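Structure first, then comments.
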Amino acid sequence: MDKAHVIRVEGRQRLTASGIAQVLGYDGAEIVAECEGARLVIQGEALRIASFEQGSGELNIEGRVDALQYLDERPMSEPFFKRLFK
């Protein structure tokens with residue numbers, strides 16, 4: 001996805017993210033979304049998706065936001081130990 005990606009957090013109670021391709025999973029403690037070749041993991045309490053517009057890629061979340069983390073989806077070319085013992 002080549003759309004611009006912007007995240008805005010308001011007082012840890014509301015999060016707006018643009019450039020989201022899809023929501024991969026969610027529950028009250030964690031929401032996982034796909035953006036720009038990575039997964040965005042949002043953790044907190046009482047999280048809920050207020051709205052998600054797939055066409056525009058805008059995601060609105062309400063609840064207490066505790067952490068944001070990106071998980072790279074690019075695989076390593078070779079496993080670590082294989083590279084170490086060449």
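Some values worked out for this structure:
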item	result
Count of the stretch 3-12 residues which are within 13 Å of the chain's Cα centre (by Cα) and farther than 15 Å from GLN69 by Cβ	2
Answer from VAL41, VAL32, VAL23, VAL6 - the residue that is touching a residue at least 12 places away in the same chain (Cβ under 8 Å) and over 14 Å from GLY57 (Cβ atoms)	VAL41
Residue list for the stretch 36-67, restricted to those being surrounded by fewer than 12 Cβ atoms within 10 Å (Cβ to Cβ), at pLDDT 95 or above and closer than 11 Å to GLY19 by Cα	GLU53
Within the stretch 1-69, strands (runs of 3 or more DSSP E) holding 3 or more residues that are among the small types (Gly, Ala, Ser)	38-53
Test: LEU15 is of a type in the set (A, V, I, L, M, F, W, C), in contact (Cβ under 8 Å) with a residue 24 or more places away in the chain and closer than 11 Å to ARG64 by Cβ	yes
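The values are calculated or read from the model by the stated rules, or taken from the named source; none is laboratory data. Computed from a predicted structure; not experimentally measured. Methodologically, a virtual Cβ is constructed for each residue, glycine included, from the backbone with ideal geometry; neighbour enumeration extends over all protein chains shown.
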